[in-house]
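Just so it is clear, none of the values below were taken in a lab; they were calculated from the coordinates. Not measured: the values here are computed from a predicted model. No Cβ is skipped: glycine too gets one built from the backbone with ideal geometry, and neighbour counts run over all protein chains shown.
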Amino acid sequence: MKAILANDYFNWTLRTIVGLVLVVAAIDKAADPSAFAVSITNYKLVSEGPALALATILPWIELVTGLCVLFGVLRTGGAVVASGLFAIFAALMASALARGLDISCGCFSQDPGVGTISGIRILENVGLLVASILIARSDNGSFSVEEYITRQASRKEIP
């Protein structure tokens, strides 16, 4: 497993996938928090007030987390937050599916007819969860802003 995590391109690919998924998912939600609040209330776990608060805050958490993972800034912390998000999303979808709710997941679009919750959607989130955990466990910072800054700082120290 360590050999796979040490591979620069594998690690960069995981970071790119996880980061882009979070950034793209955040855009539609941040653009229309009230529509996202409706998607949240469809899960029948919180009322409108807490749903609106979540709909206002969550897209920005997703966006910042996605950018951190994508660009390798605070990479490990971003990957840990991403892991938590994907675990929660998978659990919420599994709960809705178990309760027989036929709703949109609210992942990438707030259109009620797009992205209906299914076992496949849950598996996608579990896959992203695993990818996030691998990123968090990796010491590989290749192709990241952190690596670039470290490299530049070490060049300035050399006389």
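Positive contributions from Lys and Arg (+1) and negative ones from Asp and Glu (-1), summed over other residues with Cβ under 15 Å from the Cβ of LEU97, come out at +1. Does anything in the stretch 11-44 have its amide N under 20 Å from the 7 Å Cα→Cβ label point of VAL130, and if so which residues? Those under the cut-off are 11-22. Between the Cα long axis of helix 145-157 and the first principal axis of the chain there is an angle of about 20°, rounded to the nearest 10. Computed from Cα positions, the angle between helix 75-98 and the longest principal axis of the chain comes to roughly 20 degrees. The slack in the chain from ALA30 to GLU147, taken as 0.36 nm per residue of separation less the alpha-carbon distance, amounts to 39.1 nm.
Counting charges near ALA31 (Lys, Arg +1; Asp, Glu -1) among other residues having Cβ under 14 Å from its Cβ returns a value of -3.
Diagonalise the Cα gyration tensor of the stretch 68-159 and give the resulting equivalent ellipsoid semi-axes, square root of 5 times each eigenvalue, largest first, whole Å.
The equivalent ellipsoid of the stretch 68-159 has semi-axes of 38, 12, 8 Å.
Per the Debye formula on identical point scatterers at the alpha carbon atoms of the stretch 1-108, with no solvent, log10 I(q)/I(0) at q = 0.15, 0.17, 0.18, 0.21 Å⁻¹ is -0.67, -0.81, -0.88, -1.09. If you take all other residues with their beta carbon under 9 Å from the beta carbon of ALA79, and give Lys and Arg +1 and Asp and Glu -1, the sum is +3. In this calculation the C-beta distance from ALA53 to ALA6 is compared with R0 = 41 Å, giving a FRET efficiency of 0.50.
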